[in-house]
Amino acid sequence: MIRLVLAGAALASLAACAMRPEGTSAEDAAAFDVAVASIGCDLRTESDYLPVELQTGLSREQVQGLAQYRAELGQMAEFESGGYRLLTGACEPKAETPAEA
């Protein structure tokens, strides 16, 4: 039980260290999520970043910073080859039902 409490406290302190990029707000982060979902949930190439920048009004650095921030929170996965996939909201992976398996 004590280990669970300590592990939870450690995880909470790590999440507290993750900070949104400078110059972005909670509203920007929400707009980022909607924009990434609208392009298919992945940020990999120029053709992914540009529409997110246009939809949110954020700079490339801010979009990349929000992606890294979400990854630190476990809300985005990083691809080994570069880029990110959003894992929350409309992009949350669907659990397979027994009929699909």
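One residue stands out in segment 47-85 among those that are surrounded by 14 or more Cβ atoms within 10 Å (Cβ to Cβ) and among the aromatic types (F, W, Y): the one that is farthest from A35 (Cα to Cα), namely Y69.
Tell me the residue from A67, A77 that is in a strand (DSSP E or B), at negative phi and under 9 Å from the mean Cα position of the chain (by Cα), please. Sole residue among the options that is in a strand (DSSP E or B), at negative phi and under 9 Å from the mean Cα position of the chain (by Cα): A77. Considering segment 32-46, and only residues there that are touching a residue at least 24 places away in the same chain (Cβ under 8 Å) and not in a helix (DSSP H, G or I), the residue that is surrounded by the most Cβ atoms within 10 Å (Cβ to Cβ) turns out to be L43. The residues of segment 19-31 that are among the charged types (D, E, K, R) and crowded, with 16+ Cβ neighbours inside 10 Å, listed by number, are R20, D28.
Bear in mind that the values in this text are calculations on the coordinates, not laboratory data. All of these numbers come straight from a predicted model, not from anything done at the bench. Note that each Cβ is placed from the backbone with ideal geometry, even for glycine, and that neighbours are counted across all protein chains shown.
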